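Presented below is the structure to which this report refers.
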Amino acid sequence: MKGVNGAFLRYRIMAWVTGVVLAALTVWLIVGYGFLDYSNVESKPALYGLLWMLHGWLYVVYLIVGVDLAFRLRYPVLKTLLILLAGTVPFASFFAEAWVHRDLKRRDLLASS
Amino acid sequence: MLRLALTPRWLVAAVVLLALIVAAFFLGRWQWDRTQAILAAERAAIAEPVDVLQVLADPVTDPLPNEAIGRPVTVTGSYAAGRQVLVANRALDDAPGAWVVTGLRTGAGVLVPVLRGWVPGPDDPATAVPDVVVTVSGVLQPDELFYAGAAPVDAQIVAISQEALAGVWGEDVAPGFVVLQSQTPEAPPAPTPVPPTIDVADVPFPLQNFFYAFQWWIFAAFGVFLYVRWLRIEAAKETSTSLSE
């Protein structure tokens, strides 16, 4: 299993970055549409739209590093798809990352550092 | 590999993949159409003339907001006596002459500079300030930036700017100026209207929908990649097991 540690680190970073951005956006969406009248375009700040755009591209990177990791670990199709989809569901990428982390520990694939 | 792809399990996978590709294609197309629809709606919204006071900043003497530049606007009020100035050395179709800028006082008391048009010379009868309440339709322009600091020569200014007009007229004026395209009622003799320098206001591009369109298509390509990769892995596995038997 070559390069598993590097692939896991890359996946880990993306899972957290994508997850944090998506979680923040989810909270922002609820507050915005619930209390700040975001259905009126005028009251929507530019940063809100920019962050959604950012999440779109972060997810593309998440897909790439996720699939790289899944192939290195020879994950079955279903597990791979679940990990990949976790980047679109709020908070799911944190659980996916923890799931992979546990699996790597159990298989004793983590570098000792 | 082809034999493996034709087994029932992989055929089902291929059907699922095809459905996903079709779905992603249409979702991308939907976002693409939305991009165009949003652009068209934004452009239509700014092509509709609005009262100039709606697009000026608050207070009105603050610099012109970017989205106000090039906006079709209307101004209603009466031309203020003594609030007219000529802009020197402005040709129309190569004929030398000057531009006539007159302050239009709105009901709210704001003095809005209106570029009424071109006259061949300062003594032209069209330079008379009409004494009627008018509605001017025109295009809002930003201050002219060249020679902005130039002093008036023979009571004619060199470039139109809020500062120059306020200096000549001795009172605050709105920033920018409205290039008159038509006026109701007309009050002949009038200067010849000139075309606006900037006649298309800018609209924000719906980048988010534009990106989403591409991302859906990227996902479709990604699905194909995954299918092929998994098929190859399984095909390689089968070959190695059959070899070891």
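Values in this text are rule-based calculations from the coordinates and carry no lab data. Predicted model only: the values in this text are computed from it and were never measured. Because the Cβ atoms are built from the backbone with ideal geometry, glycine has one as well, and the counts that use them run over all protein chains shown.
Tell me which residues, restricted to the stretch B:195-239, are free of Cβ contacts under 8 Å to residues at least 40 places away in the same chain and not in a helix (DSSP H, G or I).
Scanning the stretch B:195-239 gives a single hit, B:Pro195.
Tally up the residues in the stretch B:31-44 that are in contact (Cβ under 8 Å) with a residue 60 or more places away in the chain and among the hydrophobic types (A, V, I, L, M, F, W, C), please.
Count: 3.
Six or more apart or on different chains, Cβ under 9 Å: which pairs go from a residue in the stretch B:111-135 that's on the phi > 0 side of the Ramachandran plot to one that's among the polar types (S, T, N, Q)? Could you list them?
So the pair list comes out as B:Gly117/B:Thr192.
Any residue in the stretch A:56-78 that's more than 10 Å from chain B (Cβ to nearest Cβ): show its pairings with residues that are of a type in the set (Gly, Ala, Ser) at Cβ separation under 6 Å, as long as the two are six or more apart or on different chains.
Short answer, once both residue conditions are applied: A:Tyr62/A:Gly87; A:Asp68/A:Ala7; A:Leu69/A:Ala7; A:Arg72/A:Ala7.
Consider the stretch B:64-81. How many of its residues are touching a Gly at 6+ places or on another chain (Cβ under 9 Å) and either more than 15 Å from B:Val200 (Cα to Cα) or without any contact (Cβ under 8 Å) to a residue 24 or more places away in the chain (or both)?
Looking only at that region, the number is 7.
So which residues in the stretch B:217-239 are more than 9 Å from chain A (Cβ to nearest Cβ), among the aliphatic types (A, V, I, L, M) and more than 24 Å from B:Thr35 (Cα to Cα), if there are any at all?
B:Val224, B:Val228, B:Leu231, B:Ala235, B:Ala236
Going by the conditions given, is B:Gln54 without any contact (Cβ under 8 Å) to a residue 40 or more places away in the chain and either of a type in the set (Ser, Thr, Tyr) or closer than 19 Å to B:Trp217 by Cβ (or both)?
On the way: without any contact (Cβ under 8 Å) to a residue 40 or more places away in the chain: yes; either of a type in the set (Ser, Thr, Tyr) or closer than 19 Å to B:Trp217 by Cβ (or both): no.
No: the conditions fail for B:Gln54.
Kindly indicate the residue of the stretch B:176-216 that is charged (D, E, K, R) and either within 14 Å of chain A (Cβ to nearest Cβ) or within 30 Å of B:Val132 (Cα to Cα) (or both) and also surrounded by the fewest Cβ atoms within 10 Å (Cβ to Cβ) among those meeting that condition.
Checked the stretch B:176-216; the qualifying residue surrounded by the fewest Cβ atoms within 10 Å (Cβ to Cβ) is B:Glu186.
Listed residues B:Val114, B:Val129; which is closer than 30 Å to B:Gly170 by Cβ and either under 20 Å from the mean Cα position of the chain (by Cα) or in a strand (DSSP E or B) (or both)?
On inspection, the qualifying residue turns out to be B:Val114.
What do you reckon, is A:Val100 surrounded by 12 or more Cβ atoms within 10 Å (Cβ to Cβ), in a helix (DSSP H, G or I) and more than 14 Å from chain B (Cβ to nearest Cβ)?
yes
Give the number of residues within the stretch B:142-162 that are without any contact (Cβ under 8 Å) to a residue 40 or more places away in the chain and surrounded by 12 or more Cβ atoms within 10 Å (Cβ to Cβ).
5
For A:Trp16, work out the one condition from (1) more than 14 Å from every other protein chain (Cβ to nearest Cβ); (2) more than 13 Å from the chain's Cα centre (by Cα) it doesn't fulfil.
(2)
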